[in-house]
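There's a structure below that I have some questions on.
The values are calculated or read from the model by the stated rules, or taken from the named source; none is laboratory data. Please read these numbers as outputs of a predicted model, since none were measured by experiment. Here the Cβ is made from the backbone with ideal geometry for all residues, glycine too, and neighbour counts use every protein chain on show. Surface accessibility is based on the protein's heavy atoms, side chains included, excluding ligands, DNA and RNA. Shrake-Rupley method; radii C 1.70, N 1.55, O 1.52, S 1.80 Å.
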Amino acid sequence: MNREELQKLVEANYAWTVEKRRALHRIPEEGFREFKTQQLICETLEELKIPYTIEKTWVVGLIEGAQPGRCIGLRADIDALPLTEPVGCPFRSTHEGWMHACGHDVHTAIQLGVAKMFSEMRDRLHGSVKLLFQPAEETTGGALPMVKAGVLENPHVDACYGLHVQPYLPLGTVETRHGALNAACDELELDVWGKGGHAAYPENSVDAIVCTAQIVSTLQTLVSRNVSPLNSMVLTFGTIEGGKANNVICNHVHMRGTLRTVDPKLRTFAHRRIREIAQSVAMAFGATAEVKVLDGYSVLVNHERETDLVLDVAQELFGRGHVKMKLAPSMGGEDFSFFTEKVPGAFYHIGCSPIDRMPAPALHSQHFCADERCIHQGLMMQMGIVLTETGTEL
């Protein structure tokens, strides 16, 4: 890979990519309702003469090179978050109450910039580049239905890569790790059924609220006493609803929560123990408990070869001092995991904050603001990865 030639190519396409990012930033949309975003992506691919297919709100483009070789998949998530963007940004969201507060507009713009550059060098490209524009990463997840629909086939994707901007990293920094990068995230629903009655006569009732309080307290010991301190698990109940009046003993409580694990065996164990603990405590109170565990995103596992390739490309482009190894997995979810369950791949982070403005507002904050210079770095990385994977010369 010729770093100097790649630098010139990226600089020539940087302004075009920034304009795409600003256009995307103006139209943030809910997962599986990214209609304007999908339209912008499709119109851009048509301008670049890149064939594509659509289903629901995802888009899959394919750039086929003149030379035989591997098919490399690149994924960009396209949805936004239900936050109101503060006034002041010259390309502020025009969809009030929605904002690209997680940087997906940057990811999508980088993907379009990469598409433009490879579309103009088809004659030199070995193999093909499959562009996976994925909806609903922030909600129910678009990766799994895309995989089930066969987007990794025809042609078969030999390796898949994705990136995410990170405000806790300074500009020019690349971060990843081998193995687990993000935790599995499951949803929990727990219903406790007691027996209602008059608040003055508790002996004639089974208080679902008191029972639920004990269940919540006991379930926290699952983390502190059933899991090794060297392993990772988070159990959180975020909503709890029950009761109708202050002088009526509650007969039903409904709770919703989340379970996050990195170890698949621990994930299975926790599913079983949550049910056992909830039902046993309820029985002790004379109540009943029903637990539903809704499987969410899988553990995102980076494959060794592909992770090494990301690290090698980053070091070649930016220098060893700008490459960081993440010490432990994030307990946040990332449905790129469903791609790497099917094909080898790696996910990595790029810094998007000027060093003199750190610590910067976090992802999912209405004050999050990616420095657009990170787009240059993202273009360099994604181009470098594909060029290296396919053995294509600039």
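Evaluate E = 1/(1 + (r/R0)^6) for Ala213 and Glu189, where r is the Cβ-Cβ distance and R0 equals 22 Å; express this FRET efficiency to the nearest 0.05. Each step should come with its number before you reach the end.
On the way: r = 18 Å, r/R0 = 0.80.
E between Ala213 and Glu189, to the nearest 0.05, is 0.80.
Rounded to the nearest 0.05, what FRET efficiency do Thr288 and Gln366 have when you use their Cβ-Cβ distance and R0 = 35 Å?
About 0.25, to the nearest 0.05.
Here is a follow-up. By the 4.7 Å beta carbon criterion, which cysteine residues of the chain come out unpaired?
Cys42, Cys71, Cys89, Cys102, Cys160, Cys185, Cys211, Cys250, Cys369
So what does the Cα-only Debye profile of the range 177-262 read at q = 0.10, 0.13, 0.21, 0.25 Å⁻¹, as log10 I(q)/I(0), no solvent term?
Results for the range 177-262 at q = 0.10, 0.13, 0.21, 0.25 Å⁻¹ read -0.36, -0.54, -0.96, -1.16.
For the chain, what proportion of DSSP beta bridges, expressed in % and rounded to the nearest 5, is antiparallel?
65 percent
At Lys56 and Glu304, where each label point lies 7 Å from the Cα along Cα→Cβ, what is the point-to-point distance in nanometres?
Using points 7 Å along Cα→Cβ, the separation is 3.4 nm.
Residues with beta-carbon under 14 Å from that of Val313, excluding Val313: net charge, scoring Lys, Arg +1 and Asp, Glu -1? It would help to have the intermediate numbers written out before the result.
Details: positive: Arg3, Arg305, Arg320; negative: Glu175, Glu306, Asp308, Asp312, Glu316, Glu389.
Counting the neighbours of Val313, the net charge comes to -3.
Okay, moving on. About its Cα centre, what dipole magnitude does the range 306-378 give when the only charges are +1 on Lys and Arg Cβ and -1 on Asp and Glu Cβ, stated in debye to the nearest 20?
Here the size comes out at about 220 debye.
7 Å from Cα along Cα→Cβ at both Val248 and Arg122: what's the point-to-point distance in nm?
6.8 nm
Right, another one. Work out the length of the dipole vector of the chain about its Cα centre, built from +1 on the beta-carbon of each Lys and Arg and -1 on the beta-carbon of each Asp and Glu, and round it to the nearest 20 debye.
Value, rounded to 20: 600 debye.
Got a sec? Charge dipole of the chain, +1 on Cβ for Lys and Arg, -1 for Asp and Glu; which of Thr340, Ala149, Gly378 is way out at the positive end?
Projecting each Cα onto the dipole axis, the largest value belongs to Thr340.
How many percent of the accessible area of the chain is carbon or sulfur, using a 1.4 Å probe?
Numbers: 9020 of 17210 Å².
In the chain, the share of accessible area belonging to carbon and sulfur is 52 percent.
Need one number: nm distance between label points at Asn2 and Glu393, each 7 Å from Cα along Cα→Cβ, rounded to one decimal.
0.8 nm
In nm, what is the difference between 0.36 nm times the number of residues separating His156 and Asn204 and their Cα-Cα distance?
Gain on extension, His156 to Asn204, equals 10.8 nm.
About the Cα centre of the range 152-208, how large is the charge dipole given +1 on each Lys and Arg Cβ and -1 on each Asp and Glu Cβ? Please answer in debye to the nearest 20. Can you show the working numbers first?
Numbers: 2 positive and 9 negative charges, 47 e Å.
That gives the range 152-208 a dipole magnitude of about 220 debye.
Next up: For Kirkwood radius over Cα pairs in Å, the choices are (1) 22.7; (2) 24.0; (3) 22.0; which was calculated from the structure?
Structure-derived value, by its label: (1).
Still on this structure, I have one more. Over the chain, give the accessible area per residue in Å² for a 1.4 Å probe, as an integer.
44 Å²
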